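As structure tokens, the structure follows; a few thoughts come after it.
The values are calculated or read from the model by the stated rules, or taken from the named source; none is laboratory data. Since the structure is predicted, the reported quantities are computational estimates derived from the model, not experimental observations. So basically every Cβ, Gly included, is an ideal-geometry build from the backbone, and we count neighbours across all protein chains shown.
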Amino acid sequence: MSKSYTPGLKVLKNTKINKERLLPLKGKVHVDINDLVKSEKIVASTEIPGNVHMINLSNELNIDPKQIHECVLINEGDHVSKEQLIAQNKGLFGFFKSEVKSPIDGQIMNISNVTGQIVISEKPLPINVDAYIPGIVDKIFDKEGVMINSVGTFIQGIIGIGGEKKGQIKCLASDESDKIQISSITEDLRGKIIVCGSYIDYEIYSKAKEVQVSGIVCGGVDYNTISKILGYSLGVAITGTENTTTLILTEGFGEVNMAKRTFDLLKENENKVASINGATQIRAGVLRPEIFIESEKKETSKDFNENDLIISEGSKVRVIREPFFGKLGIITKLPYELVEMKSETKVRVAEVKFSDESVEIIPRANLEVILSN
């Protein structure tokens, strides 16, 4: 049976998930192996050094660099506050003394009698990394972070904006093709993750942001809406750092019905707490937006195999380009021979049978596998 690799989406129930939670710099890990952690638990922390300010005391006090230690009023390692006196020369007969004050709150890092300079570092920025998903600490990376193991529903989207958020799932749409009205966005949705069916516009997003929902999940939005939200055009980049309400599109741009399997899983988990992340690596497909909902303890887990993302006969796929964009089907045949397209290019293709029993020849590059259990 012929096979081919193609990008894929995971839409899985009761599956095992491993999440690495790492610090940007070495720091301290606050949990042990086999600890049971909640999603908001701080598992590791560190401090990023602050900006450095340099003051040329030799020039300021009009002294030789070798005399600098005779004039400083602080030592290396001392903490100083803004406008605190840190150096003073002897003046003339005790009068006309020149003074140097600290321009910032910070710490004295270095006093040099070679350059005549003093180095002050701003206060370090504390960085805390939480577990993100509830689970068990499976592995500890010394001074760097942990790996969390959990079991639950895991859904990937096509594209997203905004970072990690947590909240209770609330389905506003009645089915995967439903389009909600702006009147559905009410104050009681504050802190919730709302599922909006097939499509939302900028006005609905703005209202949801105004009432401070944690996140929005829908089938699609217009590309111009994303640009309007961000204030700039979305290019080839990694999203997730935007300071806005997290938005996850499960299907793509335009008015596209949410996949029924995706909607059914979200509806099934309504009122449960979910962890979402809109971070996406545009075009590369390496980093996708995601939704995770922990399973009930009594439910048994099912493993998924990454090899299932290799397209083969029987694979469930979705077409990701026109003219069949968004349609779901099953691979019935993977011809070995190259087939000439209308553009006169020869490509490898797949024979796809859609739900309406129609069969089409689609370039393999225009397909993505949907990994679902």
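Consider Ile140 carefully, then state whether it is among the β-branched types (Val, Ile, Thr) and under 22 Å from the mean Cα position of the chain (by Cα). First the steps, then the outcome.
On the way: among the β-branched types (Val, Ile, Thr): yes; under 22 Å from the mean Cα position of the chain (by Cα): yes.
Criteria met by Ile140.
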**Request:** Check off (1) within 26 Å of Phe154 (Cα to Cα); (2) under 20 Å from the mean Cα position of the chain (by Cα) for Tyr199 and give me the number that stays unchecked.
**Result:** (2)
**Subset of the stretch 159-192 [under 22 Å from Lys228 (Cβ atoms), assigned to a strand (DSSP E or B) and out of contact with any Pro (no Cβ under 7 Å at 6 or more places or on another chain)]** = Ile161, Lys165, Lys179
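This table checks each residue for (1) acidic (Asp, Glu); (2) assigned to a helix (DSSP H, G or I); (3) on the phi > 0 side of the Ramachandran plot; (4) at pLDDT 90 or above.
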{"position": "Ile33", "(1), (2), (3), (4)": "no, no, no, yes"}
{"position": "Glu40", "(1), (2), (3), (4)": "yes, no, no, yes"}
{"position": "Ser45", "(1), (2), (3), (4)": "no, no, no, yes"}
{"position": "His53", "(1), (2), (3), (4)": "no, no, no, yes"}
{"position": "Glu60", "(1), (2), (3), (4)": "yes, yes, no, no"}
{"position": "Gln67", "(1), (2), (3), (4)": "no, yes, no, no"}
{"position": "Ile74", "(1), (2), (3), (4)": "no, no, no, yes"}
**Asked** All but one of (1) under 27 Å from Asn14 (Cβ atoms); (2) of a type in the set (Ser, Thr, Tyr); (3) modelled with pLDDT of 80 or more hold for Ser372; which doesn't?
**Response** (3)
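What number of residues in the stretch 181-215 are touching a Gly at 6+ places or on another chain (Cβ under 8 Å) and without any contact (Cβ under 8 Å) to a residue 60 or more places away in the chain? So that I can check it myself, show each step before the final result.
Narrowing the stretch 181-215 to residues touching a Gly at 6+ places or on another chain (Cβ under 8 Å): 191-194, 197-199, 212-215.
Filter once more, keeping what is without any contact (Cβ under 8 Å) to a residue 60 or more places away in the chain: 191-192, 194, 199, 212-213.
Total meeting the criteria: 6.
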**Request:** Tell me which residues, restricted to the stretch 229-243, are surrounded by 13 or more Cβ atoms within 10 Å (Cβ to Cβ) and not acidic (Asp, Glu).
**Result:** Ile229, Leu230, Leu234, Thr239, Gly240
**Item:** Single match in Ile127, Ile161 (criterion: aliphatic (A, V, I, L, M), at negative phi, in contact with a Leu (Cβ under 9 Å, 6 or more places away or on another chain) and surrounded by fewer than 16 Cβ atoms within 10 Å (Cβ to Cβ))
**Value:** Ile127
**Prompt:** For the stretch 228-245, does any single residue satisfy the condition of being closer than 16 Å to Leu172 by Cβ and not assigned by TED's automatic domain parsing to the domain that holds Glu368?
**Reply:** yes
**Request:** Scan the stretch 346-369 for residues that are among the β-branched types (Val, Ile, Thr) and either assigned to a loop (DSSP other than H, G, I, E, B) or at pLDDT 90 or above (or both) and jot them down.
**Result:** Val347, Val349, Val352, Val359, Ile361, Ile362
**Prompt:** Considering only residues of the stretch 331-345 that are in a strand (DSSP E or B) and out of contact with any Ser or Thr (no Cβ under 7 Å at 6 or more places or on another chain), which is nearest to Ser315 (Cα to Cα)?
**Reply:** Thr332
**Asked** Only one of these conditions is not met by Asp105: (1) surrounded by fewer than 17 Cβ atoms within 10 Å (Cβ to Cβ); (2) touching a Ser or Thr at 6+ places or on another chain (Cβ under 8 Å); (3) modelled with pLDDT under 90. Which number is it?
**Response** (3)
**Message:** Suppose we filter Lys41, Lys28, Lys13, Lys19 for residues that are touching a helix residue (DSSP H, G or I) at 6+ places or on another chain (Cβ under 9 Å) and not assigned by TED's automatic domain parsing to the domain that holds Ile310; which single one remains?
**Reply:** Lys13
